[in-house]
Each structure stands twice: as C-alpha cells, then as structure tokens.
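Structure first, then comments.
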Amino acid sequence: MFASDRSIDIGQLSELIGEPVDETTLIMNKLVEEYGMRESGLEILKSSDTKYLMRVRSEYVEYVKSFAPKELPAPVLRTLSMIAYHQPVKQSDIVRIRGNSTYSHIHILNEMGLIASTPEGHTKLLTTTPGFAEYFGLDSNNPDAIRTALKARLASRIGVTPMYESLLHRYGVPCVTVNAYNPSAEDFAVLTDVHTLIISKGYSDKVKKHFSGGIIEIASTTFADLLQSTEPLGRHGTKRDVSKVISELNELSEKYHERSRKMDAELDIKVKPASAMASHILNDLGFTISQTGVLVASDSVDVGDADCITFPTHSNASDDVIERICARYDAILEGLQNRCPRR
C-alpha cells in the first residue's frame with residue numbers, strides 16, 4: 001500500500017499476500033481502523049467497495065508537497081480543477097478560458113484516465129472519471145461531492161476581510177475571513193495559508209507589510225464600484241453565480257437612479273458633499289452639487305451641523321457590503337426627501 005501511488009483493488013492485495021479475498025478484506029478493514037485511530041501522518045482510505053488507498057493526511061500535505069512527486073504540472077492541474085468543478089463542461093468553453101494549450105492538457109488527462117470526453121455537437125463534453133476520485137483520495141466521483149471537496153480545499157487559498165465575505169459567497173467563491181488590516185496572532189496564522197487576499201481599495205501598502213501573496217483591491221462605495229469587481233472576482237467564481245451578482249447590482253443601481261431622477265424632477269435638490277465619499281455617491285445619484293446645497297456626510301465625519309444628512313459607513317453598517325450601499329443610498333434619499341422644497 002505504501003509503495004503504490006494509486007488505489008489497489010482487494011483482488012490484487014489478495015494475490016500479493018496469498019490470502020483469500022474475504023480474509024484480505026478483514027485485514028484491510030482492520031488496518032483502516034487502526035490507522036484511523038493513530039495520530040500519524042498517514043491514513044488508509046477505502047476509496048470504493050473494493051479498493052484501498054494509503055496517503056498522507058490532508059492536514060499534513062502542505063508540509064510534504066515541496067518534495068513529493070509532482071506528476072501533474074501546475075497548468076495541467078488547473079485545467080483539471082476547472083473541469084472537475086464545472087463538469088459536465090464543454091471542451092470549447094475550457095479552451096476559451098484557459099487557451100489553446102488546454103488541448104494538450106486534456107490529452108494528458110485523458111491518457112491518465114482522470115477525465116472522460118464524449119462528443120457534443122462540434123465539441124466534446126468533459127467529465128471526471130472514477131480514476132480521478134482514486135487519484136485524489138476522494139470517496140466519490142459524484143460531481144456534487146467533488147465540488148464540495150474542491151471548495152474545502154480552495155477555501156484557504158482566498159482570504160477576505162469581513163466586509164467582503166458576503167460578496168465572495170454571492171460569487172460562489174470559497175474563502176476564509178481574516179482581519180488583514182490589524183491582524184491578531186490568529187489572523188497571522190490564517191494569512192500563512194492564504195494565496196490571494198481581497199481588501200478595500202487603498203490599503204495595499206498597509207497589508208503588504210505582513211502579507212506577501214496576491215492582493216485584489218475592491219472599491220465599494222457605489223453599485224458601479226462593485227460592478228468593477230466582477231472581472232477580478234468572477235475568475236474565481238462560477239459563471240452562473242457571477243451572472244446573478246451582475247444582475248442584482250444592475251437592478252439595484254437602476255432602482256436607486258430611477259428614484260433619484262424622480263425626486264430631482266419633483267424637488268429643488270442641491271447638495272453639498274462634506275467628503276470625497278459623499279461626493280462619489282451624490283455624483284452617482286446625479287444630484288446638483290452646490291455650496292448652498294444640503295450638507296451630506298458619512299457618520300464618521302463630524303461637520304458640526306445638526307441639519308447635515310448622514311449615512312452609515314462602518315460601525316453602524318451591515319456586514320453585507322451590498323446592504324451597506326443600499327443603506328447609504330436610502331439614508332441620503334430619505335434625508336433629501338424631508339429637507340428639500342418642492343419645485
């Protein structure tokens with residue numbers, strides 16, 4: 001078992017040790033139980049009804065992967081991961097995303113018995129095989145089970161600050177939440193396993209002092225800001241989920257723009273932003289900026305004016321970034337509704 005890099009059928013094991021299949025099965029099941037009770041670096045899995053696999057426990061893989069044999073080059077492994085996650089998937093779609101070198105990747109994966117391809121119109125439909133599950137020590141080749149396993153394995157690769165956790169979930173991106181701005185000892189431990197970090201725009205220099213991985217900055221003052229995050233975040237999500245997020249943001253943006261246009265037609269609206277953030281939102285809503293307009297500021301800015309319209313930013317805001325934007329727009333529009341005279 002230790003010498004093999006694949007699952008071994010009980011029939012083969014029976015021949016190797018010279019015992020009947022029933023007796024060999026009892027021996028193997030006992031070994032599975034014994035290794036399960038040990039707190040060692042190895043485990044034995046029953047990968048199917050008749051096959052067994054010895055492997056390094058998942059929690060120790062990171063420690064040994066640097067000198068373990070790398071049978072699959074990184075580009076081929078990324079292509080395989082995409083096929084496994086999105087299966088059944090058209091070969092043409094994978095090639096469009098991964099490039100023409102994908103054809104050679106698919107040939108390698110077919111030769112290794114990790115994927116299967118069937119004709120589908122002018123292209124092929126790609127799926128994983130039972131050999132894929134055996135190769136990676138999974139209990140099932142069911143696509144949903146594979147997606148669940150991949151999400152669990154990918155989760156630690158993408159870190160996100162608390163404000164953007166809900167957005168990543170909407171995109172269907174598995175992630176871990178971490179305070180990257182003022183990390184605690186626990187946060188530092190999480191960051192050592194994170195490959196890509198999602199943070200607010202403008203904080204890269206601060207975060208780079210204690211994080212050396214990839215960084216994606218996101219602006220999130222308006223719906224238009226979040227729509228700009230579709231491209232960098234969408235690469236990590238599913239096509240269906242990304243489309244849903246885009247639709248949701250576009251619908252919300254149009255809803256508030258229609259509301260502001262209607263109010264602007266009915267009321268004599270002039271506004272005076274007290275900060276760059278307020279100015280960004282008011283310009284997005286299309287209101288006239290004037291020194292004599294109604295003062296608008298975030299709740300974190302002390303302007304010393306009791307009539308100032310304030311909107312929530314951090315401490316008084318929802319953890320959901322989209323709900324935060326809605327709350328800002330609602331606070332501004334409701335405040336203007338009460339303070340501006342009719343035309």
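The values are calculated or read from the model by the stated rules, or taken from the named source; none is laboratory data. The structure presented is a predicted model; accordingly, all values stated were derived computationally and were not measured. Quick reminder, even Gly has a Cβ in these numbers, built from the backbone with ideal geometry, and neighbours come from all protein chains shown.
Looking across region 180-203, the residues that are modelled with pLDDT under 90, surrounded by 15 or more Cβ atoms within 10 Å (Cβ to Cβ) and aliphatic (A, V, I, L, M) come down to Val190, Leu191, Val194.
Does Ala149 satisfy being closer than 26 Å to Lys46 by Cβ, among the hydrophobic types (A, V, I, L, M, F, W, C) and in a helix (DSSP H, G or I)? Considered against the rule, which asks whether it is closer than 26 Å to Lys46 by Cβ, among the hydrophobic types (A, V, I, L, M, F, W, C) and in a helix (DSSP H, G or I), Ala149 comes out as yes.
One line per residue, one yes/no per condition, for (1) of a type in the set (A, V, I, L, M); (2) surrounded by 17 or more Cβ atoms within 10 Å (Cβ to Cβ); (3) not in a helix (DSSP H, G or I):
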position: Arg96; (1), (2), (3): no, no, no
position: Asn100; (1), (2), (3): no, no, yes
position: His107; (1), (2), (3): no, no, no
position: Asn110; (1), (2), (3): no, no, no
position: Gly113; (1), (2), (3): no, no, yes
position: Thr118; (1), (2), (3): no, no, yes
position: Phe132; (1), (2), (3): no, yes, no
position: Leu138; (1), (2), (3): yes, yes, yes
position: Asp144; (1), (2), (3): no, no, no
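Would you say Glu323 is closer than 18 Å to Ala224 by Cα, acidic (Asp, Glu), at pLDDT below 95 and exposed (fewer than 15 other Cβ atoms within 10 Å of the Cβ)? So Glu323 passes the test.
Among the helices (runs of 4 or more DSSP H) confined to region 1-70, the ones with at least 2 residues that are modelled with pLDDT of 80 or more are located at 10-17, 21-37. Residues that are under 23 Å from Thr129 (Cα atoms) and hydroxyl-bearing (Ser, Thr, Tyr) were ranked within region 1-16; the one that is surrounded by the fewest Cβ atoms within 10 Å (Cβ to Cβ) is Ser4. Does Asp264 satisfy the criteria of being free of Cβ contacts under 8 Å to residues at least 40 places away in the same chain and part of a helix (DSSP H, G or I)? So Asp264 passes the test. Being outside the structural domain of Tyr52 (by TED's automatic domain parsing), at positive phi and touching a strand residue (DSSP E or B) at 6+ places or on another chain (Cβ under 9 Å) is a description that does not apply to Gly99. Could you please find all residues in region 155-176 being under 12 Å from Asp193 (Cα atoms) and surrounded by fewer than 20 Cβ atoms within 10 Å (Cβ to Cβ)? Answer for region 155-176, where residues must be under 12 Å from Asp193 (Cα atoms) and surrounded by fewer than 20 Cβ atoms within 10 Å (Cβ to Cβ): Ala155, Ser156, Arg157, Val176. Scanning region 278-296 turns up no residue that is of a type in the set (Gly, Ala, Ser), surrounded by fewer than 19 Cβ atoms within 10 Å (Cβ to Cβ) and farther than 19 Å from Gln337 by Cα.
Residues that are hydrophobic (A, V, I, L, M, F, W, C) and within 20 Å of Glu134 (Cα to Cα) within region 17-58 comprise Met28, Leu31, Val32, Leu42, Ile44, Leu45, Leu53, Met54, Val56, listed in sequence order. Among the residues of region 115-140, not one is in contact with a Pro (Cβ under 6 Å, 6 or more places away or on another chain) and among the acidic types (Asp, Glu). Of the residues that make up region 72-91, is at least one assigned to a helix (DSSP H, G or I) and at pLDDT 90 or above? Within region 72-91 (the criterion being assigned to a helix (DSSP H, G or I) and at pLDDT 90 or above), the answer is yes, since at least one residue qualifies.
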